[in-house]
Amino acid sequence: MSEDYHREELKIALDPSHPAHILPPPLPCSRRVLDIGCGAGQTLIAAYPDRVSFGLDVDLDALKLGRSFSDRVCFVCGKAESLPWPNEQFDMVIARVSLCHTDISASLKEIHRVLSKGGELWITLVPFSYSWRKAKSSNYRGRIFFAYIALNSICFHFTQKQFPFLGRYESFQTERGISQALVKNGFEGISISRGKHFLVTARSR
Ligand SMILES: C[S@@+](CC[C@H](N)C(=O)[O-])C[C@H]1O[C@@H](n2cnc3c(N)ncnc32)[C@H](O)[C@@H]1O
């Protein structure tokens, strides 16, 4: 993602009137929060300016940009599928439109490991319509990539397993696929909302 993307997303996170605005719920200051695929930390900066929070991303440039936005976020370069923290370190894990770029079951397994028992998960996902809109406006390479996304997403829907293409993962999600993946990876109290955003919350068992 480009620097412009992250700057724009920070504006969106700070502007409650923007149609794409969505933030996780407020939490007591004592609760430790981790953002997976945090980009430049925009969601943490807007939602939890009252504490030191943690953000993880594979994109070092995004993290460096984030450092110029805030010194209250501890930015860590790493992968959602292999989190560099010991067990039960966090009370809340959030992921805004980032799990769709990862092996979701592997990421959920890791998220469950680093969450305390009863810890909360807040994620936004990507529906079929979003990927389809992107594919329709892209060139032939984008359409070939969409064929991979579609197959990978169907695979996730039925088996909760995914496969990479040219070293990366991407998918859209279904309610069935994500619910089953959450249950298999130790979550309960699953709630799914399909309004303006595909929002999923759950609790670590
Ligand atoms: C669409 S952006 C979302 C960024 C931010 N959460 C937001 O709401 O603007 C997806 C982010 O996921 C990151 N990402 C992709 N694959 C990842 C992985 N395996 N582990 C951690 N982060 C990943 C990307 O680098 C990118 O910053």
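Please return the ranges of strands (runs of 3 or more DSSP E) entirely within the range 93-205 where 3 or more residues are touching a Leu at 6+ places or on another chain (Cβ under 6 Å).
Values: elements: 115-125, 187-194, 198-204.
Strands (runs of 3 or more DSSP E) meeting the threshold: 198-204.
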*Look at the range 53-66 and say how many of its residues are touching a strand residue (DSSP E or B) at 6+ places or on another chain (Cβ under 6 Å) and part of a helix (DSSP H, G or I).*
3
*State all residues of the range 117-142 that are under 22 Å from residue 165 (Cβ atoms), exposed (fewer than 14 other Cβ atoms within 10 Å of the Cβ) and touching a strand residue (DSSP E or B) at 6+ places or on another chain (Cβ under 8 Å); if no residue qualifies, say none.*
none
*Take residue 50 and decide whether it is out of contact with any strand residue (DSSP E or B) (no Cβ under 6 Å at 6 or more places or on another chain) and within 27 Å of residue 193 (Cβ to Cβ).*
yes
*Give me the pairs: first residue in the range 140-164 and within 19 Å of residue 175 (Cα to Cα) and at pLDDT 95 or above, second residue among the acidic types (Asp, Glu) and surrounded by 15 or more Cβ atoms within 10 Å (Cβ to Cβ), beta-carbon distance under 9 Å, and six or more apart or on different chains, which are they?*
149/170; 152/170; 153/170; 161/103; 162/103
*What's the number of the condition residue 192 fails, among (1) touching a residue at least 40 places away in the same chain (Cβ under 8 Å); (2) within 16 Å of the chain's Cα centre (by Cα); (3) under 28 Å from residue 6 (Cβ atoms)?*
(1)
*If residue 114 passes every condition in (1) buried (at least 21 other Cβ atoms within 10 Å of the Cβ); (2) within 8 Å of the ligand (Cβ to nearest atom); (3) over 12 Å from the mean Cα position of the chain (by Cα) but one, which one does it miss?*
(2)
*Tell me, yes or no, whether the range 35-43 has at least one residue that is in a helix (DSSP H, G or I) and not β-branched (Val, Ile, Thr).*
yes
*Give the residue that is farthest from the chain's Cα centre (by Cα), with candidates limited to residues of the range 1-19 that are in contact (Cβ under 8 Å) with a residue 12 or more places away in the chain and part of a loop (DSSP other than H, G, I, E, B).*
19
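In contact (Cβ under 8 Å) with a residue 60 or more places away in the chain, away from the ligand (no atom under 11 Å from the Cβ) and among the acidic types (Asp, Glu), is that true of residue 88? It would help to see each step written out before you state the result.
Details: in contact (Cβ under 8 Å) with a residue 60 or more places away in the chain: no; away from the ligand (no atom under 11 Å from the Cβ): yes; among the acidic types (Asp, Glu): yes.
When the stated conditions are applied, residue 88 does not pass them.
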*Does the range 58-68 contain any residue that is more than 13 Å from the ligand (Cβ to nearest atom), modelled with pLDDT of 95 or more and surrounded by fewer than 22 Cβ atoms within 10 Å (Cβ to Cβ)?*
yes
_Exclusive hit being among the hydroxyl-bearing types (Ser, Thr, Tyr), more than 10 Å from the ligand (Cβ to nearest atom), over 23 Å from residue 203 (Cβ atoms) and touching a helix residue (DSSP H, G or I) at 6+ places or on another chain (Cβ under 8 Å), set 131, 105, 137_ = 131
*Give the range 74-104 a look and list any residue that's crowded, with 21+ Cβ neighbours inside 10 Å, touching a Lys or Arg at 6+ places or on another chain (Cβ under 8 Å) and under 19 Å from residue 162 (Cβ atoms), or say none.*
83, 102
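The values are calculated or read from the model by the stated rules, or taken from the named source; none is laboratory data. Predicted model, so just to flag it, every value in this text is computed and none were measured. Glycine gets a Cβ as well: all are built from the backbone with ideal geometry, and neighbour counts include every protein chain shown.
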